[in-house]
Amino acid sequence: MTRYYYLFVFVTLSMALGVTAWTYTKQKEERLETVKVEVKNSMAAEEWFGAEKGLREIWKAEPDCETTPFMLGLSLHYQEKFDEAREMFLESYKRGYKTALSQYNIACGYALSGEKDLAVQYLEKAFELDYSNVEFILDDADLDSLHDREDFKNLLERMEKRQHEKDAAKGKEIVDYYNPDNL
């Protein structure tokens, strides 16, 4: 009889622990979904501290999420925590998520920190990764301190040239598509 008693206790405890673990897991999942909504709302309202807090919680719960380091980098950047933001953008780059934009944002942080040489170097890296939005760069106040530099101007010229080549190729592609000889 003692053997059955211990077996009964073991099975009962195992079931109770299983239900408790399931409940805990479900609560964690629900909490994480709530945090994700809060982060989206914080970022939309440009409440960067709240976004940072939530993104850190998400990253702790989902360390393999590829988007979190980039978004955390943005929230840190807008709080002028450039060193921490740089780490997050580098992590995003390593994970292969928004690689050119990650390099671009690192350049912005360096420019705002007065490290103009590094800013241009990271803009070069963004260009190497196919970033060439000259209009955006010229409108980005983060990069205003670079506008009088020759290396910056040369980079912009190369970006414009690449963009014109892309536009020309796209135009040719459209013309070729509608060419009656290709039907």
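Throughout, read-outs are computed from the coordinates displayed, never taken from laboratory work. Keep in mind the model is a prediction, meaning the values are calculated, not measured. Glycine gets a Cβ as well: all are built from the backbone with ideal geometry, and neighbour counts include every protein chain shown.
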Listed by chain and number, the lysines with an alpha carbon less than 17 angstrom from that of Lys28, same-chain partners under 8 positions apart left out, are Lys36, Lys53, Lys60
Stretched fully, the stretch from Glu128 through Gln79 gains (0.36 nm per residue minus C-alpha distance, one decimal, in nm) 14.9 nm
Yeah, the range 25-183 with a ≥ b ≥ c from its alpha-carbon gyration tensor (a/c under 1.5 is rounded, else prolate when a/b outruns b/c, oblate otherwise) is oblate
Excluding residues fewer than 8 positions from Lys166 in its own chain, the lysines with Cα under 28 Å of it are Lys94, Lys98, Lys125, Lys153
With R₀ set to 30 angstrom, the calculated FRET efficiency between the beta-carbons of Lys26 and Gln121, to the nearest 0.05, is 0.05
A correct fewest-to-most ranking of Thr25, Thr99 by other Cβ atoms within 10 Å would be Thr25, Thr99
Nearest-0.05 FRET efficiency for Lys94 and Asn41 at R0 = 25 Å, using Cβ-Cβ distance, is 0.30
